[in-house]
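Before any comments, here is the structure.
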Amino acid sequence: MALLADIASWACLIAGSLFALIGAVGIVRLPDVFARMHGAGIVDTLGMGLILAGLMIHEGFTMVTVKLVLIVVFIFFASPTTTHALARAALNGGLKPLVDGKNAPSAEPGERTGGPSKT
Amino acid sequence: MLQALSLGAVLYGLWLLLSGHFEPLLLGLGLASTIVVVLIARRMDLIDREGHPIHLSWRFLLYIPWLLWEIVKANIDIARVIVRPRMAIDPSVLRLKGTQKSELGHVIYANSITLTPGTVTIGLEEGVLSVHALTREAAEGLIRGDMDRRVTAVEGAADGRGEHGA
């Protein structure tokens, strides 16, 4: 049983680290600020979630696990807020999202700018 | 009043979980500080439907597992896009109309979009969201409006009722 828990915990830790690494690679590889935020999104959802899940399985039903659950809850509330603040700051600083290698024109509601949907 | 009681219960529960002490004296001190905090929050007018939305709690609890599963799927999609040697990205900016009735509903929708990798809300004005989507699939998923419908359902009938309690 302890062995099973160890295996599950390590699987979660390794998978979480892998996703955090992929997210970091994404931050470097993606072309502009707005695209890079998606890479950061991987790190603080599945990367963070799997690493903390691994730690929870390692700890079992203890007070530490309760605190780990609280960390997950708080990150899930804080991370969209920070991402949004970052996006607002970039927009206010005059950056426009890259769309098809060009800067995006503003679209009407329900419309989509750039990308393959344009005919 | 209901909101104040619920806030107190949540705060006391949080205090118990973080402290891990169960001696009568410490329990009493914890209770006293909880009451003081609730009173201060009430004086500062912080306890309202928006700050402490108990009216959507159980619907919200049903929404969370669905959202988590969406986040996992989106993570795998975006991770796959990033590790490919030639990244098949197709960034676009969408304007979406949120069908929620309250500001709280719009914020839940906008935050759900941001939490899902591949889509980030970069603006929210009067119910119209500007969303930056990294791939075509992510953008199409949002246009299908599944998440929008579910958030509206979370908000649900509870929105028709007037103000009550604290």
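Every number in this text was worked out from the coordinates using simple rules, so none of it is lab data. Remember, predicted model here, so these are calculated numbers, not experimental data. Every residue, glycine as well, gets a Cβ built from its backbone with ideal geometry; the counts of neighbours run over all protein chains shown.
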Can you flag which of A:K96/B:K73; A:K67/B:K97; A:K96/B:K97 are past 31 Å Cα-Cα?
A:K67/B:K97
Can you tell me how the protein assembly as shown classifies by the Cα gyration tensor, rounded, prolate or oblate, using a/c under 1.5 as the rounded cut?
oblate
Summed residue charge, Cβ within 12 Å of A:T83's Cβ, Lys/Arg positive, Asp/Glu negative
+1
Here the membrane-span-like helices of chain B, with no claim about any membrane, defined by DSSP H, Cα axial extent at least 20 Å and mean Kyte-Doolittle at least -1.0, are B:2-19, B:24-43, B:57-83
For A:R88 and B:V83, what does the FRET efficiency come to when R0 = 30 Å and r is the distance between their Cβ atoms, rounded to the nearest 0.05?
0.50
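Local charge sum around A:G41 (other residues, Cβ-Cβ under 14 Å, Lys/Arg +1, Asp/Glu -1)?
Details: positive: A:R36, B:K73; negative: A:D44, B:E70, B:D77.
Neighbour charge sum, excluding A:G41 itself: -1.
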Quick note, the range B:1-61: a/c under 1.5 would make it rounded; otherwise a/b > b/c is prolate and the rest oblate (a ≥ b ≥ c, C-alpha gyration tensor); here it is oblate
With +1 on each Lys and Arg Cβ and -1 on each Asp and Glu Cβ, how big is the dipole of the protein assembly as shown about its Cα centre, in debye rounded to the nearest 20?
540 debye
